[in-house]
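What follows is a single structure, written as structure tokens, with notes after it.
Taken together, the values in this text are just the output of simple stated rules run on the coordinates, not laboratory data. Computed from a prediction, not measured in an experiment: that's the story for all the values here. Note: ideal-geometry Cβ built from the backbone for every residue, glycine included; neighbour counts use all protein chains shown.
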Amino acid sequence: MSGSHPRSIFITGAAAGIGRAVAERFAREGWLVGLYDVDEAAVQALSQQLGQQYGAGRVVAGRLDVADAEGWAQSLAAFAQVTGGCLDVLFNNAGVAVTAPFGEAPLARHHRLIDINLKGVVNGCHAALPYLKRTPQSRAINMCSASALYGQPMLSTYSATKAAVRSLTEALDIEWQAHGVRVLDVLPLFVNTAMVRDEVSKMKTVKTLGVRLTAEDVAGTVWQLARPLSARGLPVHSPVGLQTKLFYIAAKLTPDGLNRWITAKLGGH
Ligand SMILES: NC(=O)c1ccc[n+]([C@@H]2O[C@H](COP(=O)([O-])OP(=O)(O)OC[C@H]3O[C@@H](n4cnc5c(N)ncnc54)[C@H](O)[C@@H]3O)[C@@H](O)[C@H]2O)c1
């Protein structure tokens, strides 16, 4: 509990996939859940569903494009009215993928991807800091990806944004130690969501490695990172599932040349 309020989580990209699974998990655990997404109809429908299951006062929903810094300020202020000004967990989850040879995707798509996947996280961390600072044991949890371990062909700009999110997480986790705020990230390999089904599955690597994770698996990891009362000792990076853990360890132990070779072979290059 933060003061007299239940613990609270602000989730971006909450309408579908991993964000939705995290919303369902935290609502079930009795948290106050903020659902934000560009797909307002979907996030309102989810809010109604969770409200019926766990109590209407437990869920807040609204439209937020994470690329819009002003939108962030308004959405966080609205959520804080319900939480008593506190925020236990910021979950920077919203993200998009572009799966194509680099030169074949229009430059505007690369730019929009950076705006959402990287600037969206920067916007969120910046806007949420005052709320996190005033909440004991608070955390920012960022959706990273196994593609941050080595740049992925066909997913180049996406990998670059996730490597940047990983780096931002490391830096802020040290900087915000002074405020008592932990900053952590979650790195899954392929997860069975619309992002993989509609876009990322164009990569040969998906066929080679398979899709072994569910959105609920990722939600389980986010829950483990959010739950303990003491945030001390939590790892900065959390690979999800055995396959990702093996890749994570291998990427650390393997020389760059071999990492490059493995990445190329898995992608059919
Ligand atoms: N699916 C995977 O294999 C996988 C693996 C590693 C990391 N991730 C990361 O997990 C996160 C969630 O991915 P997912 O697989 O659940 O995707 P998804 O496509 O199933 O859901 C993404 C959600 O984000 C919302 N969204 C998109 N742009 C937005 C914006 N500008 N502002 C607010 N909301 C926006 C969408 O409307 C959607 O509801 C992303 O950051 C993604 O990069 C996914």
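Remarks
- For residue 163: the one exception among (1) within 27 Å of residue 87 (Cα to Cα); (2) in contact (Cβ under 8 Å) with a residue 60 or more places away in the chain; (3) within 16 Å of the ligand (Cβ to nearest atom): (2)
- Identity of the residue in the range 1-30, farther than 26 Å from residue 118 by Cα and free of Cβ contacts under 8 Å to residues at least 60 places away in the same chain, that ends up farthest from the ligand (Cβ to nearest atom): 1
- Residue list for the range 166-202, restricted to those being among the aromatic types (Phe, Trp, Tyr) and within 14 Å of the ligand (Cβ to nearest atom): 190
- In the range 93-113, the residues that are farther than 19 Å from residue 206 by Cβ, crowded, with 17+ Cβ neighbours inside 10 Å and within 13 Å of the ligand (Cβ to nearest atom): 93, 94
- Looking only at the range 152-206, residues that are under 18 Å from residue 141 (Cβ atoms) and of a type in the set (D, E, K, R) come to 7 in all.
- Some residue of the range 207-230 being out of contact with any strand residue (DSSP E or B) (no Cβ under 8 Å at 6 or more places or on another chain) and buried (at least 20 other Cβ atoms within 10 Å of the Cβ): yes
- Breaking point among (1) away from the ligand (no atom under 16 Å from the Cβ); (2) at negative phi; (3) not polar (S, T, N, Q), for residue 85: (2)
Each row is one residue, and each column tells you yes or no for (1) out of contact with any Asp or Glu (no Cβ under 7 Å at 6 or more places or on another chain); (2) closer than 30 Å to residue 156 by Cα; (3) among the β-branched types (Val, Ile, Thr).
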residue: 24; (1), (2), (3): yes, no, no
residue: 31; (1), (2), (3): yes, no, no
residue: 70; (1), (2), (3): yes, yes, no
residue: 96; (1), (2), (3): yes, yes, yes
residue: 102; (1), (2), (3): yes, yes, no
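- From the list 205, 214, the lone residue that is under 18 Å from the mean Cα position of the chain (by Cα) and in contact (Cβ under 8 Å) with a residue 60 or more places away in the chain is 214.
- Summed over the range 133-151, residues that are in a loop (DSSP other than H, G, I, E, B), within 8 Å of the ligand (Cβ to nearest atom) and touching a residue at least 60 places away in the same chain (Cβ under 8 Å) total 1.
- Those helices (runs of 4 or more DSSP H) of the range 169-269 in which 1 or more residues are farther than 26 Å from residue 14 by Cα occupy 204-209, 241-253, 256-266.
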